Amino acid sequence: MEKVLITGCAGLVGYECVRKFAEEGYKVIGVDNFMRGKLFGEEGDTAKNLELLMKNYEFEFHNLDVRDEGILELLKKVEIMVHTAAQPSHPKSIEIPLEDFMINAYGTLFLLESLRKHNKECVFIFCSTNKVYGEIPNYFAYKIVGKRYEPLDKTIWDGFDENLRIDQNMHTPFGVSKVCADLYTQEYAYLYGLKTGIFRMGCITGGAARAVEMHNWEPYFVKKALTGEKLHIYGYKGYQVRDVIHAKDLAELFYKFSQNPRPGEVYNVGGSRKNSISLLEAIDLIEEITGKRINYEYAKEREADHIWWISNIQKAKEHYKWDIKIKLKEIFKEIYESLAPIYEK
């Protein structure tokens, strides 16, 4: 039986990857150190995800940091490695830039170098981010159409592709640490021949996501609807656009890449135009699903936050005959059903 090692296995993306690879017949080895709980408090803790996985799937779990030497023995014996572990929040990175670098940049390089020395044939899948592009999307012109921004430049109507430049602009430390890890992951394919793939992801969410303000806005918005607490919309009066993808769709793409890796390739991955939504539109949708009003007010925009982001996923679609399957309303319904038992009054 082939083996896959999944870092950050209790997190949102890791959780869906454990499910996918286990269902495909792989021996799954998962590692996690529950850093999200340490970074974001009790509401960010992912231990419950691990409990669900242990209950429903047979897999081997290790409580490990990706920077620990103990991971070496694990990565020596796997055919695939999916690296989802990260410090995932760009506003949080402003508070802890050194720790952000050590987790995202050094942690990824440590794994790559370990594979180079001990398991060069292993497929390595890296979770990058659209934050590697920093503020560049904001250099385009937009206009308000209904309750959202749309680009004046019709060449980007279907989203930004992988040719968007990444330098000479603000990123936040999170964006910079991910650029570093992203480029190292490419370099280990070009220079050393490792079978790496880089996935620059947008708004990944799902029922396994935790509702914290600094990371994963969709469940946080749903939580505010359920509790009646005030929601802060940071900048652009809610007209900013995001493209939402369920982590299950992402795990499907990772699996397809693992079966036919294209070393060093970079893919923008998100919900694409069909799963795009502004924050104001999201509020309307959440209110429809929950039957509750969201009490919100405007606040100052966050550093390097995108006015408009849609991922052009054409490259991934062409290479792997893959596409988004889970639609926006279905995603938000799942989040509601997951959070209602916890927060609904």
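Remark on Glu135: its backbone amide H falls under 5 Å from those of Met170, a criterion applied only to residues 5 or more positions apart or on other chains, H modelled at 1.01 Å from N. The calculated Kirkwood hydrodynamic radius for the range 145-229 is 16.6 Å, given to one decimal from all distinct C-alpha pairs.
Using unit Cβ charges (K, R positive; D, E negative) and no other charged atoms, how large, in debye to the nearest 20, is the dipole of the range 3-343 about its Cα centre?
On the way: 46 positive and 49 negative charges, 116 e Å.
Here the range 3-343 has a charge dipole of around 560 debye.
Name the residue farthest towards the positive end of the dipole of the chain from the options Phe332, Cys122, Gly193, assuming +1 on Cβ of Lys and Arg, -1 on Cβ of Asp and Glu, about the Cα centre. So the residue furthest toward the plus end is Phe332. Apply the Kirkwood formula to the range 247-290: the hydrodynamic radius equals the inverse of the mean of 1/r over all pairs of different alpha-carbon atoms; give it in Å with one decimal. Answer for the range 247-290: a Kirkwood hydrodynamic radius of 13.0 Å. The phi torsions of the range 252-265, fed into the Karplus equation with coefficients 6.51, -1.76 and 1.60 and a -60° offset, translate into couplings of 4, 5, 4, 4, 4, 4, 4, 7, 8, x, 10, x, x, 6 Hz, rounded to whole numbers, with Gly and Pro shown as x.
Here the sum of -39500 (n - 2.57) over DSSP H runs of 4 or more residues, divided by the residues of the chain, equals -11500 deg cm²/dmol at 222 nm, to the nearest 500.
The translational diffusion coefficient of the range 184-279, from Stokes-Einstein at 37 °C and 0.692 mPa s with a Kirkwood hydrodynamic radius over alpha carbon pairs, comes to 213 µm²/s. For Tyr296, the residues 5 or more places off, or on other chains, whose built amide H falls under 5 Å of its own are Leu231. Using only the alpha-carbon atoms, how far is helix 328-343 inclined from the longest principal axis of the chain? Give it as 0 to 90 degrees, nearest 10. Between helix and principal axis, roughly 90 degrees.
When the chain is fully extended, how far beyond the present Cα-Cα distance does Leu152 get from Glu69, taking 0.36 nm per residue of separation? Could the numbers behind the result be given before it?
Working: separation 83, 0.36 × 83 = 29.88 nm, distance 5.05 nm.
Here the segment from Leu152 to Glu69 would lengthen by 24.8 nm.
Backbone phi angles across the range 226-240, fed through the Karplus curve with coefficients 6.51, -1.76 and 1.60 (θ = phi - 60°), yield HN-Hα couplings of 6, 8, x, 6, 6, 9, 9, 9, 8, x, 6, 6, x, 7, 4 Hz in residue order; Gly and Pro are listed as x. Dividing the C-alpha radius of gyration of the chain by 2.2 N^0.38 Å, with N its residue count, gives 0.94. Rounded to the nearest 10 degrees, the angle from helix 172-190 to the longest Cα principal axis of the chain is 40 degrees. Available extension along the chain between Arg302 and Lys38 is 92.8 nm, counting 0.36 nm per residue and deducting the alpha carbon span. Close amide-amide hydrogen proximity is noted between Trp308 and Val241, each under 5 Å apart and 5 or more residues distant or on a separate chain (H modeled in the peptide plane; Pro and chain starts excluded).
Computed from backbone phi, the HN-Hα couplings of the range 206-219 come to x, x, 8, 6, 9, 8, 10, 5, 7, 7, 6, 5, 4, x Hz, rounded to whole numbers (Karplus: 6.51 cos²θ - 1.76 cosθ + 1.60, θ = phi - 60°; Gly and Pro given as x).
A short reminder: the numbers here are calculations on the coordinates, not readings from a lab. These figures come from a predicted structure and were not determined experimentally. Here the Cβ is made from the backbone with ideal geometry for all residues, glycine too, and neighbour counts use every protein chain on show.
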